[in-house]
Amino acid sequence: MPATEKAHGILVLSHLRWNFVWQRPQQFLSRFAEQHPVLFVELTDFSLPSGYEPYLELTSPQKNVWVANIRIPGDLAGQPIIDELMRKHTREAMEKLNAETDNAFENPLMWVYSPMDSHWALGHINVRGVAYDCMDELSQFAGADPQLVHREARLIEQSDIIFTGGYELWTKKSQQHKNVHFFGCGVEYDHFSQAQDASQPIPEDVKDLKRPIVGWFGVVDERVDYDLIRELVKIRPDYSFVFVGPVVKVDPNSLPQAENLHWLGGRDYKVLPDYCRAYDVCMMPFALNEATQYINPTKALEYLATGKPVVSTPVADVVRQYTDTVQIARTAEEFAACIDRALNSPDAEMIQRGVEKAREAGWECTVQKMQDLIREAVKAEPPTTYLS
């Protein structure tokens with residue numbers, strides 16, 4: 001940011017919670033916050049009992065980042081008043097922060113992850129411009145709201161600039177907007193490379209598991225190929241298969257079960273390298289379905305930074321970017337064979353290429369490029385299009 005430029009705020013509309021899984025939004029915005037105050041508006045919280053008055057819960061998980069959790073009684077879900085309540089309490093948060101940030105939220109940049117929430121904000125909250133960071137094709141996820149496609153179309157029309165998390169997404173969104181840029185995943189190399197240090201401890205819940213250990217970390221949802229997992233644990237009953245991550249949009253009771261299959265649940269981001277230290281092979285057993293058609297998994301680079309061999313199903317963006325560093329398998333038999341090869345005759349050159357690719361893929365460089373593109377797209381002029 002030029003020395004003479006005032007630090008405007010960034011108003012974020014997200015379908016995720018800040019303290020959920022530390023991923024693309026938090027990686028980007030925690031770095032933007034080094035120069036710009038960030039107000040992160042989470043998805044609407046309908047956990048209040050009926051009859052309670054809606055209210056704003058404003059917290060600051062780190063310097064220059066504030067999280068707005070707007071709590072609303074559950075019986076109001078789906079009611080037209082929700083839009084008004086979200087606008088009211090978002091403005092309330094912005095007004096509170098103006099007093100602490102030299103009025104940075106009088107004319108913020110709107111940064112959108114949630115097309116559904118853009119509906120109540122676009123045209124109602126004064127902003128200098130709109131950036132849409134399209135990290136997934138949410139309309140193809142399980143339980144997607146039928147209105148999402150229409151609302152995203154309006155968001156794209158109103159956006160000054162669009163970023164995509166995957167190349168496949170870029171090819172699609174480029175047909176809908178003239179200013180679309182592909183910025184894939186980054187990695188905190190220094191964090192995940194800690195897994196390479198064998199002298200450090202291994203978590204208690206995995207250290208005594210039978211080896212070899214084939215491991216995963218990340219959200220456990222409809223993007224995982226559960227049929228492949230069922231077959232894999234049968235084909236290699238002497239291997240331990242470990243999943244670290246919260247179960248979302250999937251009934252935990254429906255998950256495959258076996259003596260050598262371990263669903264450990266969510267763990268803090270800071271300990272993920274410790275789990276990878278325990279893994280002999282890292283796996284990405286993604287299903288090939290609508291939910292994975294456009295994904296560009298952040299965990300690919302994170303796995304590579306650990307120095308462990310990686311096996312994946314042929315997700316399009318993984319095949320495009322990582323075939324020189326990741327083994328690709330289509331069936332459970334192929335997956336098992338790739339694991340065996342990684343264990344018995346690991347390709348040291350492939351692993352080292354992966355380490356180097358991760359080392360060169362820091363988030364900081366991407367954020368700086370985004371800053372420059374946003375500045376050019378928005379020009380930091382007084383708002384016109386987005387005035388209420």
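The values are calculated or read from the model by the stated rules, or taken from the named source; none is laboratory data. On a predicted model such as this, the values are computed, not experimentally measured, just so you know. Ideal geometry is used to build each Cβ from the backbone, glycine not excepted, and the neighbour counts take in all protein chains shown. Protein only, heavy atoms only, side chains kept; ligands, DNA and RNA dropped before computing areas. Shrake-Rupley method; radii C 1.70, N 1.55, O 1.52, S 1.80 Å.
Within the chain, what whole-number % of the accessible surface is contributed by carbon and sulfur, with the 1.4 Å probe and all protein chains included in the calculation?
48
Among beta bridges from DSSP that stay inside region 1-125, the antiparallel ones total about 30%. Does region 302-346 come out rounded, prolate or oblate by the C-alpha gyration tensor, with a ≥ b ≥ c the root eigenvalues, rounded set by a/c under 1.5 and, if not, prolate when a/b is larger than b/c and oblate if not? Verdict is oblate for region 302-346. Here the Kirkwood formula puts the hydrodynamic radius of region 126-252 at 18.5 Å, using every distinct Cα pair.
Add -39500 (n - 2.57) for each DSSP H run of 4 or more in the chain, then divide by its residues: what number comes out at 222 nm, to the nearest 500 deg cm²/dmol?
On the way: 14 runs with 132 residues, N = 388.
-10000 deg cm²/dmol, from helical runs alone.
Dipole of region 250-388 computed with +1 at Lys/Arg Cβ and -1 at Asp/Glu Cβ about the Cα centre; of Cys365, Val318, Leu261, farthest Cα towards the positive end is Cys365. Classification of region 241-336 by its C-alpha gyration tensor yields a rounded form. The axis ratio a/c (a ≥ b ≥ c) stays under 1.5. In the chain, the DSSP beta bridges split such that about 15 percent are antiparallel, to the nearest 5. Taking every DSSP bridge with both residues inside region 186-341, close to 5 percent are antiparallel. What angle, in degrees between 0 and 90 and rounded to the nearest 10, separates the Cα long axis of helix 348-359 from the longest principal axis of the Cα atoms of the chain? Approximately 10 degrees, to the nearest 10. The C-alpha atoms of the chain define a longest principal axis, and helix 226-235 lies at about 20 degrees to it.
The three principal axes of the Cα atoms in the chain give end-to-end lengths of 63, 50, 41 Å, sorted in falling order.
If you build the Cα gyration tensor of region 70-205 and take the root of 5 times each eigenvalue, what three semi-axes come out, in whole angstrom, biggest first?
Values: eigenvalues 192, 104, 74 Å².
The three semi-axes for region 70-205 are 31, 23, 19 Å.
Here the convex hull built on the C-alpha positions of region 284-388 has a volume of 129 cubic angstrom per residue. Most tightly packed first, judged by the mean number of other beta-carbon atoms within 10 Å of their residues, the peptides 20-29, 160-169 read 160-169, 20-29. Give the separation of the Cα centroids, region 108-127 to region 27-67, in Å. Each part's Cα centre sits 15 Å from the other's. Listed by chain and number, the aspartates and glutamates whose C-alpha is less than 14 Å from the C-alpha of Lys379, apart from same-chain residues fewer than 8 away, are Glu5, Asp160. Each part reduced to its alpha carbon centroid, region 251-275 and region 168-204 end up 21 Å apart. Counting Lys and Arg as +1 and Asp and Glu as -1 over every other residue whose Cβ lies under 15 Å from the Cβ of Gln23, the net charge comes to 0. Beyond 26 Å in Cα-Cα separation lie the following of the pairs Lys249/Lys270; Lys172/Lys270; Lys234/Lys357; Lys63/Lys207; Lys207/Lys299; Lys270/Lys308: Lys172/Lys270; Lys234/Lys357; Lys63/Lys207.
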